[in-house]
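The values are calculated or read from the model by the stated rules, or taken from the named source; none is laboratory data. Predicted model only: the values in this text are computed from it and were never measured. Cβ atoms come from the backbone with ideal geometry, glycine included; neighbour counts cover every protein chain shown.
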Amino acid sequence: MCVILGPSGSGKSTLLNTIGGLDGVDEGQIVVDGLDISKLKSKELSLYRRNYLGFIFQFYNLVPNLTLRENIQVCEYLPKESLDLDELLEVLGIKEHKNKFPSQLSGGQQQRCAIARALIKNPKLLLCDEPTGALDYKTSKEILILLEEINKKYGTTILIVTHNTVIKDMVHKVIKIKDGQISNEYVNENLIPAIELQW
């Protein structure tokens with residue numbers, strides 16, 4: 001797990017969007033797992049996003065007239081390595097809500113649905129843009145605990161962009177950004193479990 005920290009407007013989300021192939025770059029390279037995605041054509045970039053990445057945003061982006069299950073299955077083409085939906089819903093604690101619509105779910109349940117949608121295709125890299133930004137303290141902590149469990153259970157690399165500096169204590173690598181530049185980066189030698197975080 002890695003966190004990118006910085007104040008609003010520092011370039012955190014822009015960096016995440018370039019890694020995710022949503023934004024291009026004017027100069028330089030974007031290399032993810034040995035693949036220079038800055039050189040990919042549009043179709044190749046779509047395949048990269050579909051087969052390699054999962055996205056979790058601050059706002060859940062759920063389709064209101066689809067059930068929780070249908071929102072997760074919205075990915076038309078699931079790779080063979082996809083996770084079992086019922087097992088994933090169980091891990092995320094939302095299996096009993098699978099036939100409910102987003103309006104029938106709490107904010108935390110909607111975010112768990114968004115996490116399930118990002119994870120169902122078993123991505124190598126999970127990109128999280130302020131995943132707790134719209135949630136209260138208790139629910140934020142539950143989501144961080146889930147992300148920690150996902151990292152351990154599935155071996156998914158998780159990159160979190162946030163302004164919440166406490167998250168740095170639970171991740172393996174910390175990158176700080178200021179004015180679009182990396183101002184500091186380090187490996188966290190003393191991990192604190194998410195359940196013990198306080199802010």
| field | Among residues of the stretch 149-188, those that are in contact with a Pro (Cβ under 7 Å, 6 or more places away or on another chain) and over 22 Å from Gly6 (Cβ atoms), counted | value | 1
| note | Of the residues in the stretch 156-174, those that are assigned to a loop (DSSP other than H, G, I, E, B) and either basic (Lys, Arg) or modelled with pLDDT under 90 (or both) come to His163, Asn164
| From the residues in the stretch 141-162 that are surrounded by fewer than 18 Cβ atoms within 10 Å (Cβ to Cβ) and touching a Leu at 6+ places or on another chain (Cβ under 8 Å), which one is farthest from Ser82 (Cα to Cα)? | Thr157
| message | For the structure I just gave you, tell me whether Gly108 is loosely packed, with under 15 Cβ neighbours inside 10 Å and in contact with a Leu (Cβ under 9 Å, 6 or more places away or on another chain). | response | no
| task | Filter the stretch 122-140 for residues that are at pLDDT 85 or above, surrounded by fewer than 21 Cβ atoms within 10 Å (Cβ to Cβ) and in a loop (DSSP other than H, G, I, E, B) and give the result. | result | Asn122, Lys124, Glu130
| note | Out of (1) modelled with pLDDT of 95 or more; (2) not in a strand (DSSP E or B), the one Ile150 does not meet is (1)
| request: Pick out, from the stretch 1-105, the helices (runs of 4 or more DSSP H) lying fully within it that include 1 or more residues that are more than 24 Å from Val161 (Cα to Cα) and either touching a helix residue (DSSP H, G or I) at 6+ places or on another chain (Cβ under 8 Å) or at pLDDT below 90 (or both). | output: 68-72, 85-91
| note | Per the filter on the stretch 21-77, residues within 20 Å of the chain's Cα centre (by Cα), among the small types (Gly, Ala, Ser), more than 18 Å from Ala116 (Cβ to Cβ) and surrounded by 14 or more Cβ atoms within 10 Å (Cβ to Cβ) are Gly21
